[in-house]
1. For segment 338-381, give me each residue that is more than 27 Å from E462 (Cα to Cα), open to solvent by less than 40 Å² (accessible area, probe 1.4 Å) and part of a loop (DSSP other than H, G, I, E, B).
2. Could you run through segment 446-462 and say how many residues are under 17 Å from V63 (Cα atoms), out of contact with any Pro (no Cβ under 6 Å at 6 or more places or on another chain) and either touching a residue at least 40 places away in the same chain (Cβ under 8 Å) or buried (at least 21 other Cβ atoms within 10 Å of the Cβ) (or both)?
3. Looking only at segment 244-262, count how many residues are part of a loop (DSSP other than H, G, I, E, B) and either among the aliphatic types (A, V, I, L, M) or touching a residue at least 12 places away in the same chain (Cβ under 8 Å) (or both).
4. Wholly within segment 66-155, which strands (runs of 3 or more DSSP E) include no fewer than the required count, namely at least 1 residues that are in contact (Cβ under 8 Å) with a residue 24 or more places away in the chain, hydroxyl-bearing (S, T, Y) and touching an Asp or Glu at 6+ places or on another chain (Cβ under 6 Å)?
5. Could you grab the pairs with beta carbons closer than 7 Å, sequence gap of 6+ or different chains, first residue in segment 476-505 and over 21 Å from V253 (Cβ atoms) and of a type in the set (V, I, T), second one open to solvent by 10 Å² or more (accessible area, probe 1.4 Å) and assigned to a helix (DSSP H, G or I)?
6. For the structure I just gave you, tell me whether N401 is open to solvent by 10 Å² or more (accessible area, probe 1.4 Å), under 28 Å from K188 (Cα atoms) and in contact with a strand residue (DSSP E or B) (Cβ under 8 Å, 6 or more places away or on another chain).
7. Go through segment 211-249 and count every residue that is crowded, with 18+ Cβ neighbours inside 10 Å and not polar (S, T, N, Q).
8. Answer with yes or no whether S320 is small (G, A, S), within 30 Å of T196 (Cα to Cα) and either open to solvent by less than 60 Å² (accessible area, probe 1.4 Å) or in contact with an Asp or Glu (Cβ under 6 Å, 6 or more places away or on another chain) (or both).
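The values are calculated or read from the model by the stated rules, or taken from the named source; none is laboratory data. These numbers come from a predicted model, not from an experiment. All Cβ positions, even for glycine, are placed from backbone atoms using ideal geometry, and neighbour counts span all protein chains on display. Ligands, DNA and RNA are excluded from the accessible area calculation, which covers all protein heavy atoms including side chains. Shrake-Rupley method; radii C 1.70, N 1.55, O 1.52, S 1.80 Å.
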Amino acid sequence: MRDHYKFCCILAFLFLLSFFLQRKVIKIPAFVQFKINCDAVQDHEIQKEEGIWKETTELQLEVNKILNKIDTMIPKITFSHFDNTTDARKSMATLVNPRDKYCVGDSLVVKVDMFDHVGKRKTHGGDFLMARIFSSNVKAGASGRIEDLENGTYNIHFTLFWPGVVNFSIHMIHPSEGVSALWQARNKGYGYVNYTGKFVSHGKVVNMKCGFNLNGTQELCEYSDLKEEEHFYCMKPENMSCGLLVQMMSLFVDSHSYLRNSEKQLFNSNNIRIEIPKTFGAISVSKCGNVTQEIRKCSTGIKYQFPGGFSYQNMWTHLSCKISQYRNMETINKCIKGKIMYLTGDSTMLQWMTYLSTTVQSLKPFNLYGGGWPMTRLYIDLERNIKIQYRKHANPFIMLNFYTFKEEFTIPHLIDQIAGDQHTVIIFTLGMHFRLFPINHFLRRVINIRKAIERLFLRSPETKVIIKTENTSEMNVRVEMLSDFHGYLQYLIINSIFEDMNVGVVDAWDMTNAFASMRIHPQKEIIANEIDLLLNYIC
């Protein structure tokens, strides 16, 4: 046993040595799965898989635990016939205990009974619903909280936040059969995306196939972070080293599907986001007395609730704190004076960067000579000592043109590079680009981000960390890959993983649903409200 342990240590040392040389060439694909940590050999579970000893690390055990918990929440339905699936048009929403008078601050419940296409009552839950109340004349909206009774009936809980005529909107995004199919499809593999890596040497350019899981006998280049247990591979070009990879491109594989042909009709445009009929109409809400709201400053660490606020006259009101508005250069500059802000994420985070840089004319761009929208951006104000930097998050990332891969770092890696202090603000989002991959990728990244934030707070508890959740989207193309159901699961994971941490959350999911945005890139008025909340956490 001791000799075996020494052998493992020697093998691990050679493995790590090659990693620190930053490039590995792998001739046997199965070998890429072999990882060992000598310090933890006796503490971690070791499994034998296809003849290869593979360590189940503490991180992987944590990912598996959450994954199994999510799996128990998803309905497991064997698709038999379209007629037996939930039909939103034959379902019905009913107001529970209707009253003659409704007051601001009142709560009410709408019961939704689901039926299939032949009019038979559903006996199980799992349908993906979204609900909101709204008053178009005063540009007001708020999300409803959905309670699945797991018997084909749902209770939707609303709070009446404003006076006037209030309307109800309840949509079935997917039937439970579609939810089950999407969950199983998502975790079957990596076929929704093709990666191409560009290797460059002395003016010679070679494009090679890349991905998270490559099969075949050709030599592979591995680009991995052992600490975060993140792995990515490219086919090795002939007579080129692995270190010559400079750019990456990723394309949707629209011809690929993990759904059975019979299941695909569930995701036709006429079966997505269908409004459920109601037995009641709009209600009138009155101001019946003084409704008091707790007035306190927005701060990190506020306990998550859903809904967390509402819009009125296109302004977001937070239920736990008072939001001050920052809508011009003077107020924003006063807030962020002396701050170093790191924004990391996808194109929705770039919307924040664009809003700040166009609103605050005193912020001057520093040309980093990048190309395309994923390029890193840097804005500075020397007079006020302000620095704002935007960087895209690392793979998984979908971009139809080549983007830089050489300078790519995951969010945990970026956080670990920041010392932190009372002047530092770290802001991140991730989600949309992860929807096309098995959910264990998202779980692993989010857990690693939490661990990086824990390390950050140990060395610098004064640093502010703000999380933006992902948006609801239009869902008019590539529904199997990009459905809001995938986004909703990731939204729940974010709220669960970070709920007990001293971080601020800008709940973009709640906001975009309340505003009925249904756009991956919401309109400027929503961005302005998100930035208001962001700056209230900072200032």
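1. Across segment 338-381, the qualifying residue is only P374.
2. 3
3. Restricting attention to segment 244-262, the residues satisfying the condition of being part of a loop (DSSP other than H, G, I, E, B) are 253-260.
Now restrict to residues that are either among the aliphatic types (A, V, I, L, M) or touching a residue at least 12 places away in the same chain (Cβ under 8 Å) (or both): 253-254, 256-260.
Adding up the residues that qualify gives 7.
4. Correct list: 86-95, 140-143.
5. I497/R450
6. Here the answer is yes, as N401 does meet what is asked.
7. Start the filter on segment 211-249 by keeping residues that are crowded, with 18+ Cβ neighbours inside 10 Å, which leaves 211, 214, 220-223, 228, 230, 232-237, 242, 244-245, 247-249.
From what is left, the residues that are not polar (S, T, N, Q) are 211, 214, 220-223, 228, 230, 232-237, 242, 244-245, 248-249.
Total meeting the criteria: 19.
8. So S320 fails the test.
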